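The values are calculated or read from the model by the stated rules, or taken from the named source; none is laboratory data. Remember, it's a predicted structure, so these values are computed and weren't measured experimentally. A quick note on method: Cβ atoms are made from the backbone with ideal geometry, for glycine too, and the neighbour counts reach across all protein chains shown.
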Protein chains: 2
Amino acid sequence: MLDLLKEEAWDNLSIPLVAERSGVHQATIYRRWGSLSALVDDIVTGRLTAGSPVPDTGTLRGDLEAYAVKVAEDVASPMGMLYVRAAMVGSKGPEGETYLLQRAVQLNAMLERAAARGERPPDLLELMEVVIAPLYYHLIFFNRPVGAEHARMLVDRLLRLAPSPPASGPAAPES
Amino acid sequence: MLDLLKEEAWDNLSIPLVAERSGVHQATIYRRWGSLSALVDDIVTGRLTAGSPVPDTGTLRGDLEAYAVKVAEDVASPMGMLYVRAAMVGSKGPEGETYLLQRAVQLNAMLERAAARGERPPDLLELMEVVIAPLYYHLIFFNRPVGAEHARMLVDRLLRLAPSPPASGPAAPES
DNA sequence: CCCTTAATGCGAATTTCTTCGCTTAAAGAT
DNA sequence: ATCTTTAAGCGAAGAAATTCGCATTAAGGG
């Protein structure tokens, strides 16, 4: 399946194709998965669940850069397209949701570690919007994944957004 | 086709279905488009080309907010998914590219108008990454499009990024 | 008005996908 | 070792989908 995703256009993918390439009988695939989307979902959630732990380098910037570069690589692989497709086709059960939640918890832990060290981390939504979202955007609309330097630039942008202590903000007087 | 996109799951869409719903003969659809992706692409580029001009409100923030809110609405409509699908399936010829380019030119014009007024606009890539990318990200992964206020918040974030003089380098020499 | 061109309707032929019944192989339990 | 259970192989039947040849209609040019 992964091979085919690299070679074939989305349109021509079919279960008979996968069967031929993999050497298993078509009926077997139909019995185990029933549809291409289900197969793709299975691959995705399999990979996702096997996901490595979030980085812990000792600094917020280090953690964020390591994570961003890793996601960028991930998105660049054939898996990137699969994530998007699986999320969109939505034949998925609760698995996808579960994963996202679990991942969110891990990332939150990373941010809280930073806070515990006295750094001022962004919140999770900000991280996703400023760093992760552009990675997928480049993939989808420019069909050209993002390199490590660019990923690090995105982290830099994120950190520039929340750089100052709560008291000495440029505009807001806190009381 | 648009009706079906709202009702049916992606997996069950087929040309015979569209034919039945629309009342035209299957063969006609096959002759004119050849595949579902081509049909979708045609709809997308049709809508896109009919796209309204970029806003011109007199201020950079006003332009950006109007544009962001508009894109957010667009993404929330069934068309949002279509854009993503069309971009990914990639059965598109040069049309899609052409559109993106043309749109980029329009947006650039908007940014240059701001510069001509003495404002300091972000560059195009920044605009796309900070404002547009999150809109699609929410749609795809949270399956929940973004409201107007959130869209305006994204614009605010973008403007907070580029508030300072053009001459000084990025690696701020603090002394 | 007639003629030409291009597009659609129509149904059947063809191809491809999906399911079915059955046989065979592998793994665990007794 | 034998039995049981589960999954896979296999080819054919069934149900899609895509394509084809031909008749019909609509629009524009002479």
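Out of (1) outside the structural domain of B:ALA87 (by TED's automatic domain parsing); (2) modelled with pLDDT of 90 or more; (3) more than 16 Å from DNA strand C (Cβ to nearest atom), what's the single condition that is false for B:THR59?
Against the list (1) outside the structural domain of B:ALA87 (by TED's automatic domain parsing); (2) modelled with pLDDT of 90 or more; (3) more than 16 Å from DNA strand C (Cβ to nearest atom), B:THR59 comes up short only on (1).
In region A:10-39, which residues are of a type in the set (Ser, Thr, Tyr), assigned to a helix (DSSP H, G or I) and more than 12 Å from DNA strand D (Cβ to nearest atom)?
Passing the criteria: only A:SER37.
So which residues in region A:93-121 are outside any helix (DSSP H, G or I) and buried (at least 17 other Cβ atoms within 10 Å of the Cβ)?
Listed by number, the list holds a single entry, A:PRO121.
The rows are residues; the columns are (1) under 21 Å from B:VAL131 (Cβ atoms); (2) in contact (Cβ under 8 Å) with a residue 12 or more places away in the chain.
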site: A:ARG61; (1), (2): no, yes
site: A:ALA66; (1), (2): no, no
site: A:ALA86; (1), (2): no, yes
site: A:LEU100; (1), (2): no, no
site: A:ARG113; (1), (2): no, yes
site: A:TYR136; (1), (2): yes, yes
site: A:PHE141; (1), (2): yes, no
site: A:GLY147; (1), (2): no, yes
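What number of residues in region A:127-155 are more than 9 Å from chain B (Cβ to nearest Cβ) and of a type in the set (Val, Ile, Thr)?
Total satisfying the criteria: 3.
Looking only at region B:8-19, how many residues end up being within 13 Å of DNA strand C (Cβ to nearest atom), away from chain A (no Cβ under 14 Å) and surrounded by 13 or more Cβ atoms within 10 Å (Cβ to Cβ)?
Qualifying residue count for the region: 2.
Within 14 Å of chain B (Cβ to nearest Cβ), part of a helix (DSSP H, G or I) and within 13 Å of DNA strand D (Cβ to nearest atom): is that true of A:ASP42 in this structure?
Spelling it out, it is not the case that A:ASP42 is within 14 Å of chain B (Cβ to nearest Cβ), part of a helix (DSSP H, G or I) and within 13 Å of DNA strand D (Cβ to nearest atom).
Would you check which residues across region B:29-56 are more than 30 Å from B:ALA116 (Cβ to Cβ) and either acidic (Asp, Glu) or loosely packed, with under 12 Cβ neighbours inside 10 Å (or both) and list them?
Across region B:29-56, the qualifying residues are B:ARG31, B:ARG32, B:ASP41, B:ASP42, B:GLY46.
From B:GLU7, B:GLU65, grab the single residue that is under 30 Å from B:ALA148 (Cβ atoms), more than 13 Å from DNA strand D (Cβ to nearest atom) and not assigned by TED's automatic domain parsing to the domain that holds B:GLU129.
Just one listed residue meets the conditions, B:GLU7.
When A:GLU119 is evaluated against the numbered criteria (1) more than 10 Å from every other protein chain (Cβ to nearest Cβ); (2) without any contact (Cβ under 8 Å) to a residue 24 or more places away in the chain, which criterion, by number, is the only one it fails?
Every condition holds for A:GLU119 apart from (2).
Starting from residues that are more than 20 Å from A:ALA104 (Cα to Cα) and touching a residue at least 24 places away in the same chain (Cβ under 8 Å), keep the ones in region A:32-56 and report whichever is nearest to DNA strand C (Cβ to nearest atom).
Within region A:32-56, the match that is nearest to DNA strand C (Cβ to nearest atom) is A:SER35.
Looking at A:ALA66 and the list (1) within 16 Å of DNA strand C (Cβ to nearest atom); (2) touching a Ser or Thr at 6+ places or on another chain (Cβ under 7 Å), which single condition is not satisfied?
(1)
Filter region A:120-152 down to the residues that are of a type in the set (D, E, K, R) and modelled with pLDDT of 95 or more and list them by number.
Matches in region A:120-152: A:GLU126, A:GLU129, A:GLU149, A:ARG152.
Hey, any hits in region B:122-135 for a residue that's more than 15 Å from the chain's Cα centre (by Cα), farther than 19 Å from B:SER52 by Cα and exposed (fewer than 15 other Cβ atoms within 10 Å of the Cβ)?
Within region B:122-135, one or more residues are more than 15 Å from the chain's Cα centre (by Cα), farther than 19 Å from B:SER52 by Cα and exposed (fewer than 15 other Cβ atoms within 10 Å of the Cβ).
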